[in-house]
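The values are calculated or read from the model by the stated rules, or taken from the named source; none is laboratory data. Just so we're clear, the structure is a prediction, and the values are computed from it rather than from any experiment. With ideal geometry, Cβ positions are generated from the backbone for all residues, glycine too; neighbour counts draw on all protein chains shown.
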Amino acid sequence: MADGVWEAAVADRPADAAGRWAVVTHGLHVYRLLVWMWIRSTLAYRVSFAMTALGNFAASALDFVALLLMFSRIDVLGGFSLPEVALLYGLAGMAMHLADLLMGSMDRLGSRIRDGSLDTLLLRPVPVFAQLAADRFALRRLGGISQSAVVLGWALAHVDVAWSAGRVLMVPVMVLTGTAIFGAVFTAGAAFQFWAQDAAQVQNSFTYGGRAMLQYPPTVFARDLVRGVVFVVPLAFVNWVPALWLLGRPEPLGLPPWVAFLGPAVAALLCAAAGLLWRRALAAYRSTGS
């Protein structure tokens, strides 16, 4: 397809705020319809769905089993007790699994670019992002979400915290903030694949790899690594920074206490930056020529 046609296909966006909001609303509507289609398809085979969800639950639980085995030999890890580490584990797992459920299919973009199937999505009168995010919506990932929720519930019941209204509210805020941060990383990673075309593993290193790192206390990592996940790729706002405030622990980098409340702002900035990167990458796409 000629360059001019592609530019028209991806750059036909309303300039006014009302028009942009209409596009967003339409995209969400399309996303809901596509998700519902995949859910109905999945639930048509209920036994298969139950088995895969249970398998997902069990596979996710293996990481926590490893933590339990570790704590069978030690009392603390980096100065953190088992309930405190379980809190970090549950928060990171909930956020990552929710983002994976909502838009985990974005990592398939590289293969779509290589085989030319992305061109088909561009020709449809619906947002490409909504189509990609909802593609093959994997309801089985509820197993991982459930497993993280169980661990998080246990941790909240056993962790030594002087609960107040603010601390109670911080827990769902951390889950939602973490989901948005991981969602932004999924989006940025997908946008990067427009140029790299085979960078799914790079994206996974920041998503799945980031979750694996955030399951452990920041005190077990080098200070330079902690600085990187606070100031460069701010995954620390998924759970490390706000959880330290929740537990009444000092921040290893010496940051002021009010930084713990910046999670929603950091998530909003990351989502905005990822959105701009996505639009730029999509506008630069020139098809495979096949």
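Output yes when any residue across segment 230-243 is under 30 Å from Phe129 (Cβ atoms), of a type in the set (S, T, N, Q) and either in contact with a strand residue (DSSP E or B) (Cβ under 9 Å, 6 or more places away or on another chain) or in a helix (DSSP H, G or I) (or both), and no when none is.
No, segment 230-243 has no match at all.
Matching residues to (1) aromatic (Phe, Trp, Tyr); (2) part of a helix (DSSP H, G or I); (3) in contact (Cβ under 8 Å) with a residue 24 or more places away in the chain:
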position	(1), (2), (3)
Ala184	no, yes, yes
Val202	no, yes, no
Met213	no, yes, no
Thr219	no, yes, yes
Leu253	no, no, yes
Leu270	no, yes, yes
Gly275	no, yes, yes
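Residues that are farther than 20 Å from Leu82 by Cβ and aliphatic (A, V, I, L, M) were ranked within segment 148-170; the one that is surrounded by the fewest Cβ atoms within 10 Å (Cβ to Cβ) is Ala165.
In segment 221-257, of all residues being among the aliphatic types (A, V, I, L, M) and farther than 28 Å from Gly166 by Cβ, the one that is nearest to the chain's Cα centre (by Cα) corresponds to Val232. Of all the criteria given as (1) in contact with a His (Cβ under 8 Å, 6 or more places away or on another chain); (2) closer than 27 Å to Leu282 by Cα, the one not satisfied by Arg141 is (2). Every condition in (1) more than 14 Å from the chain's Cα centre (by Cα); (2) within 29 Å of Ala66 (Cβ to Cβ); (3) without any contact (Cβ under 8 Å) to a residue 40 or more places away in the chain holds for Phe206 except the one numbered (1).
The residues listed here are Ala190, Ala268, Ala284, Ala184; of these, the one that is closer than 27 Å to Ala133 by Cα and over 17 Å from the mean Cα position of the chain (by Cα) is Ala284.
When Ala22, Ala18 are checked against the criterion of being surrounded by fewer than 12 Cβ atoms within 10 Å (Cβ to Cβ) and either part of a helix (DSSP H, G or I) or modelled with pLDDT of 90 or more (or both), a single residue qualifies: Ala18. Within the set Val202, Val171, Val185, the sole residue that is touching a Ser or Thr at 6+ places or on another chain (Cβ under 6 Å) and on the phi < 0 side of the Ramachandran plot turns out to be Val185.
Considering only segment 186-199, state which residues are among the aliphatic types (A, V, I, L, M) and part of a helix (DSSP H, G or I). Across segment 186-199, the qualifying residues are Ala188, Ala190, Ala191, Ala196.
Within the set Thr187, Thr207, Thr177, the sole residue that is surrounded by 19 or more Cβ atoms within 10 Å (Cβ to Cβ), in contact with a Gly (Cβ under 9 Å, 6 or more places away or on another chain), over 13 Å from Leu277 (Cβ atoms) and modelled with pLDDT under 95 turns out to be Thr207.
Within segment 50-75, the set of residues being outside any helix (DSSP H, G or I) and either touching a Ser or Thr at 6+ places or on another chain (Cβ under 9 Å) or at pLDDT 95 or above (or both) comprises just one member, Asp75. The number of residues in segment 117-131 being closer than 11 Å to Val30 by Cβ, crowded, with 18+ Cβ neighbours inside 10 Å and not polar (S, T, N, Q) comes to 4. Residues that are under 17 Å from Tyr89 (Cα atoms), within 17 Å of the chain's Cα centre (by Cα) and small (Gly, Ala, Ser) within segment 148-181 comprise Ser148, Ala149, Gly178, listed in sequence order.
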